[in-house]
Number of protein chains: 2
Amino acid sequence: MALIVQKYGGTSVGSPERIMNVARKVMATKQAGNDVIVVVSAMSGETNRLIELSKQIDPNPDLREYDVLVATGEQVTIALLSMALNKLGCPARSYTGAQVRILTDSTYSKARILDIDEANVRADLQAGRVVVVAGFQGSDEQGNITTLGRGGSDTTGVALAAALKADECQIYTDVDGVYTTDPRVVPNARRLDRITFEEMLEMASLGSKVLQIRSVEFAGKYSVKLRVLSSFEEGPGTLITYEEQNMEQPLISGIAFNRDEAKITMLGVPDQPGVAYKILGPVGDANIEIDMIIQNVGADATTDFTFTVHRNDHQKALKILDKVAKELGARELNGDANIVKVSLVGVGMRSHAGVASTMFKTLAREGINIRMISTSEIKISVVVDEKYLELAVRALHDAFGLDKAPAA
Amino acid sequence: MALIVQKYGGTSVGSPERIMNVARKVMATKQAGNDVIVVVSAMSGETNRLIELSKQIDPNPDLREYDVLVATGEQVTIALLSMALNKLGCPARSYTGAQVRILTDSTYSKARILDIDEANVRADLQAGRVVVVAGFQGSDEQGNITTLGRGGSDTTGVALAAALKADECQIYTDVDGVYTTDPRVVPNARRLDRITFEEMLEMASLGSKVLQIRSVEFAGKYSVKLRVLSSFEEGPGTLITYEEQNMEQPLISGIAFNRDEAKITMLGVPDQPGVAYKILGPVGDANIEIDMIIQNVGADATTDFTFTVHRNDHQKALKILDKVAKELGARELNGDANIVKVSLVGVGMRSHAGVASTMFKTLAREGINIRMISTSEIKISVVVDEKYLELAVRALHDAFGLDKAPAA
């Protein structure tokens, strides 16, 4: 008998009918002989409705009270899902975060889980009940209600799976797994049966929004097996595993891309010690996050400096750097918001040479100019003009044979 | 410095604007030098919205989960009101029933309060904070969320006032006090400055819906001073007091009436021991509540039996009694739903004769036939044809001079 934690997001529990549907899925898992803990989000739209109410009182509300308010969203769902399970004849009991208890620090609206008391949940499982837990919330040492911030329901699922040593943590979403790339761009993109945690982290950080990156990190830290499945279709989904030494790894697992970045280049900066700090310091001080950074030696003891920021911050960053460029005596400052980052991700890269050269050759053959390159152990990212996004992704998907399942 | 408990119902907190308005009233009480505990209901419409959701899952839901669901209604209000107070610069902190903690038994959906832990609330008051408590809810010994049933927010207010020995429990509603009778029937009905608990209990039980009868009983039991005020207008409201021996009591305080009853009469029942039980037993077994009961000796060793039930139960009761009447050999069974009960209430009746005769004389002068009479120590009720309701109430209001304030 296995212990399974299942997490259902807001869309999956968005109406009484959908909640009945989730109840049937949970009951099927229970009837297959498993113990089941279910973690649920607020019904879709509910959290926004509550936030809208609070904005009408105070655009910057007291955060302790904000958490008391939004925590009601998940509480409604646990009650309705437990009612649905009991109605189907499947004994179930709901728990708020405070009832479990999921102990957090007191950082209202983005609290971190410190400990989980498993006694109550364990007793209910032993009594044959399904345990339904409110995601996204807990309580601090003093009993104040806290929330984990957006996406926190995934983290609740993983944390419960870790605390109770569950065999698997299943994250139900509106997609049926992790794909080699976005199927809207590459129609023959393929669902992966498994992907490693490291790859999943890279995919998530590069803009593939299947799982919250924080919950993936959390799962990795506590060695929790994660599986991504669809709430609306049957299927095995994608299992997120630890890298197994002897497993035959495909060269690369997927292609991620990100349209949210913009590029800034400062050319002909006199090359002195501390120049990187002088350029990036003021940008960081303005709370602008920097992603890729490249510095090249230019002509005549000058250096060229290029980096990317979120598109929303592009104009703000350029304004700050206009002043910096003058102070440093830089030759030129320019920005480009019409770029995308395309990344190959795969643990197989570690032991195989030639991935980069195949990538560059493929892009060259399509006439796509590479503007920036950055690499990590299991990832190669390039920045190209936005108009080439689809062409680049399709060509690379094809070049690495991602549409074909790897040989077993 | 006084400790004031204020309770605001669903209409008073029905929108963010109204919640801001309540926050201003609370802050004014605090700034006048009082410690303040505020008890709030769910925003009007919210509880019904939640019940509607639960009905879509299960018309007879698991009651533990039902309580988890509906308790979110008040939790939303405490968060929003605390936000509003903090925004106005009045430090405030919210508490769910479980956080206080308000310990109840485990009778889900109509739990009873067993104990209130005053430590947390007291500490916040001492720190200069307004304490905002969710009405209508608590938690049982095991930490399960419970609700007190409809109208329970008044009870929460009174229970907190009793536990913390508050100087006054103020119930804010959409009327500005208790009136001598319904102002919609008698335009010159007068707001009472004070009324005794006993009178208030009679008024409530007779259909004057200003306060929940359970909260009035509770206040009387623990000697909590209650005051009824309007959320929307300024004014002293009505203070509900204990009878003071030397206080000059008016003869009667108010006139209550009830249109929700229907009359059933069984004539010519052979008079045997146990006949009352044979008639009323089957009605009680069908969960039909009986209000007034009158039994007269009829002709020829028979008896006539008349009683009233709620109008909704009238047809059901008649159907049951049709069978009973045949078994008992009664001469006739008839029902009349077009009746009303009109009641004079006043502790002054105890020490003054002549109230009944003034009442009967007044009704006779207006040509109103009395169908039933029943009396208690501080109340006289008569049943008359429904069409005479307004005439009867106005004539009695006038006859007893209720539009004039009693001499001080």
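Overall, the anisotropy analysis places the protein assembly as shown in the prolate class: the square-rooted eigenvalues a ≥ b ≥ c of its C-alpha gyration tensor yield a/c not less than 1.5, with a/b exceeding b/c.
Ignoring lysines fewer than eight residues from B:LYS110 along the same chain, the ones with Cα atoms less than 22 angstrom from its Cα are A:LYS87, B:LYS7, B:LYS55, B:LYS209, B:LYS221. Think of each Lys and Arg Cβ as +1 and each Asp and Glu Cβ as -1; about the Cα centre, that makes the dipole of chain A roughly 640 debye.
Distances between placed amide hydrogens fall under 5 Å for A:GLN170 paired with A:VAL5, A:GLN6, A:LYS7, A:ARG227, all partners being 5 or more residues away or on another chain. Using a Förster radius of 51 Å, what is the FRET efficiency between B:ASN120 and A:LYS225 based on their Cβ-Cβ separation? Nearest 0.05, please. The value I calculate is 0.80. In terms of other Cβ atoms within 10 Å, A:HIS397, B:HIS310, A:HIS314, B:HIS352 run from fewest to most in the order B:HIS352, B:HIS310, A:HIS314, A:HIS397. The convex hull built on the alpha-carbon positions of segment B:266-406 has an orientation-averaged projected area of 10.1 nm². Each of A:ARG350, A:ARG112 was scored by other Cβ atoms within 10 Å of its Cβ. Listed from fewest to most, they are A:ARG350, A:ARG112.
Annotation: the antiparallel percentage among DSSP beta bridges lying fully within segment B:3-173 is about 25. Relative contact order, whole percent, for chain A stands at 13, derived from Cα pairs under 8 Å and 6 or more residues apart. Rounded to the nearest Hz, the phi-derived 3J(HN,Hα) couplings of segment A:117-126 under the Karplus curve 6.51 cos²θ - 1.76 cosθ + 1.60 (θ = phi - 60°) are 8, 8, 4, 5, 4, 4, 4, 5, 4, 5, where x marks glycine and proline. Taking amide H atoms as placed 1.01 Å from N in the peptide plane, the amide H of A:THR302 lies under 5 Å from those of A:ASP271, each 5 or more residues away in sequence or on another chain. Quick one: grab the alpha carbon gyration tensor of segment B:3-173, order the square roots of its eigenvalues as a ≥ b ≥ c, and give me rounded if a/c is under 1.5, else prolate or oblate depending on whether a/b is larger than b/c. Cα axes put segment B:3-173 in the oblate bin. Distances from B:ARG350 to itself in the other copies, using label points 7 Å out along the Cα-Cβ axis, amount to 8.8 nm in increasing order. With unit charges on the beta carbons (Lys and Arg positive, Asp and Glu negative) and the dipole taken about the Cα centre of segment A:330-408, which residue among A:SER351, A:MET372, A:TYR388 sits farthest to the positive side? The listed residue farthest towards the positive side: A:SER351. Here B:ALA32 yields copy-to-copy label distances, from shortest upward, of 6.4 nm, the label point defined as 7 Å from Cα along Cα to C-beta. In this structure, the amide hydrogen of A:MET43, modeled 1.01 Å from its nitrogen in the peptide plane, lies closer than 5 angstrom to those of A:THR77, counting only residues at least 5 positions away or on a different chain. Selection among A:GLN99, A:ILE320, B:LEU3 by position relative to the dipole of the protein assembly as shown gives A:ILE320 as farthest towards the positive end (Cβ unit charges, Cα centre). Ranking B:THR156, B:VAL22, B:SER109 by how far each Cα lies toward the positive end of the dipole of segment B:3-173 (charges on Cβ) leaves B:VAL22 at the top. Note on the protein assembly as shown: with charges restricted to the Cβ of Lys and Arg (+1) and Asp and Glu (-1), its dipole about the Cα centre is near 640 debye. If you bin all the Cα-Cα distances of chain A at 20 Å, starting from zero, the percentages per bin are 24, 48, 25, 2.
Karplus-derived 3J(HN,Hα) values for segment A:161-178, using 6.51 cos²θ - 1.76 cosθ + 1.60 with θ = phi - 60°, are 4, 5, 5, 9, 6, 5, 6, 7, 10, 9, 9, 8, 9, 9, 10, 9, x, 9 Hz; glycine and proline are entered as x. Residues A:SER230, A:SER253, ranked from the fewest to the most other C-beta atoms within 10 Å, line up as A:SER230, A:SER253.
For the rotation that carries chain B onto chain A, the axis lies closest to a Cβ at B:THR72, 2, where the number is the distance in whole Å. Once you have a ≥ b ≥ c as the square roots of the Cα gyration tensor eigenvalues for segment B:1-42, tell me rounded if a/c is under 1.5, and otherwise prolate or oblate according to whether a/b is larger than b/c. Because a/c hits 1.5 or more and a/b fails to exceed b/c, segment B:1-42 counts as oblate.
When the helix-only estimate is applied to chain A (DSSP H runs of n ≥ 4, each -39,500 (n - 2.57), divided by the residue count), what is the mean residue ellipticity at 222 nm, nearest 500 deg cm²/dmol? Intermediate results must be reported in sequence, preceding the final value.
Numbers: 12 runs with 143 residues, N = 408.
That calculation yields -11000 deg cm²/dmol at 222 nm.
Highest mobility in the GNM of chain A, judged by mean-square fluctuation with C-alpha springs under 10 Å and restricted to A:GLY235, A:GLY138, A:GLY73, is found for A:GLY235.
Computed over segment A:3-173, relative contact order equals 30 percent, with contacts defined as Cα pairs under 8 Å that lie 6+ residues apart.
Using only side-chain charges placed at the Cβ, +1 for Lys and Arg and -1 for Asp and Glu, the dipole size of segment B:11-86 relative to its Cα centre rounds to 420 debye. Note that segment A:327-333 has calculated 3J(HN,Hα) couplings of 4, 7, x, 6, 6, 7, 10 Hz, one per residue in order, obtained from phi through the Karplus relation 6.51 cos²θ - 1.76 cosθ + 1.60 (θ = phi - 60°); glycine and proline are x.
Filter the GluC sites (Glu not before Pro) in segment A:226-332 down to the DSSP loop ones having no more than 12 other Cβ atoms within 10 Å, then list what survives. Mind showing how you got there, number by number?
On the way: sites: A:GLU233, A:GLU234, A:GLU243, A:GLU244, A:GLU248, A:GLU261, A:GLU289, A:GLU327, A:GLU332; in loops: A:GLU233, A:GLU234, A:GLU243, A:GLU244, A:GLU248, A:GLU289.
Sites meeting the loop and neighbour criteria: A:GLU233, A:GLU234, A:GLU244, A:GLU248, A:GLU289.
Counting from the shortest, the label point at A:ARG122, 7 Å from Cα toward Cβ, is 3.6 nm from the same position in each remaining copy.
Throughout, read-outs are computed from the coordinates displayed, never taken from laboratory work. For clarity, every value in this text was computed on a predicted model and none was experimentally measured. Positions of Cβ are generated from backbone atoms using ideal geometry, with glycine treated the same way; all protein chains shown enter the neighbour counts.
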